[in-house]
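Working notes, structure below.
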Amino acid sequence: MNLIEADPVYERETRARRHVRIRRAKQFLRPLPRKATLHRWPVLKWFAETARKRPYLWSFRVREVSIALYLGLVIAFLPLVGLQIILAFAAAWTLRANLPIIMGAQLVTNLATMWAIYPALGFLGNRIIALLGLDSLDSRIGHTAYSMVIGGVVAGVTIAFILDMVYRFAFSQAKKRPVNLKRMLKK
């Protein structure tokens, strides 16, 4: 008799906790552009009708989020200031990635943070070039760009991998499925 009475209480508590999590997520995501509010945003309103026809741009499934994380962070760490948003939009469009995540990743290197991030990426790139014994370029500008691209790709893939594993873990916890790390790493 106690088991029968305990189940509805447990289910109510579980539903209440889930409702609180959903409400917090909605409050956090409220300022971001959504499918329904695209027409209100200055530049995005030009693409609103086309973007509504492509549901993969707004999907938070693991595949779309993983592609958006990897591409978004690699593009964000490349020394292409001013072209990053356009490249990220084109990548999301052609490779069927999540648009809000790939665009949010571009905000990592903004005018305030790029002065600290790009020299660090250049330093990382120089270390990788020296470690792997790659040929360096003769010109100073070419070598700097070369090292920043290598450092940006390595840092982008590394950070994206970490965030991808965190997202997959959170996604599996939300589905209440057991986590299989071997399967997660194979994908």
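Take the conditions surrounded by 12 or more Cβ atoms within 10 Å (Cβ to Cβ), at pLDDT below 90 and among the aliphatic types (A, V, I, L, M) and apply them to residue 102. Does it pass?
no
Is it fair to say residue 115 is surrounded by fewer than 22 Cβ atoms within 10 Å (Cβ to Cβ) and either without any contact (Cβ under 8 Å) to a residue 40 or more places away in the chain or under 23 Å from residue 151 (Cβ atoms) (or both)?
Judged against the criteria, residue 115 is a match.
Has the stretch 134-145 got at least one residue that is loosely packed, with under 12 Cβ neighbours inside 10 Å and closer than 28 Å to residue 66 by Cα?
no
Is it the case that residue 62 is surrounded by fewer than 16 Cβ atoms within 10 Å (Cβ to Cβ) and over 21 Å from residue 171 (Cα atoms)?
no
Among the residues of the stretch 75-88, which ones are without any contact (Cβ under 8 Å) to a residue 40 or more places away in the chain and part of a helix (DSSP H, G or I)?
Hits for the stretch 75-88 are 84, 85, 86, 87, 88.
In the stretch 146-153, is there at least one residue being in contact (Cβ under 8 Å) with a residue 60 or more places away in the chain and small (Gly, Ala, Ser)?
Among the residues of the stretch 146-153, at least one is in contact (Cβ under 8 Å) with a residue 60 or more places away in the chain and small (Gly, Ala, Ser), which makes the answer yes.
Here is a list of conditions, (1) under 23 Å from residue 87 (Cα atoms); (2) polar (S, T, N, Q); (3) assigned to a helix (DSSP H, G or I), and residue 126 meets all of them except one; can you say which number that is?
(1) is the only condition that residue 126 fails.
The values are calculated or read from the model by the stated rules, or taken from the named source; none is laboratory data. Please read all numbers here as calculations on a predicted model, not as lab measurements. No Cβ is skipped: glycine too gets one built from the backbone with ideal geometry, and neighbour counts run over all protein chains shown.
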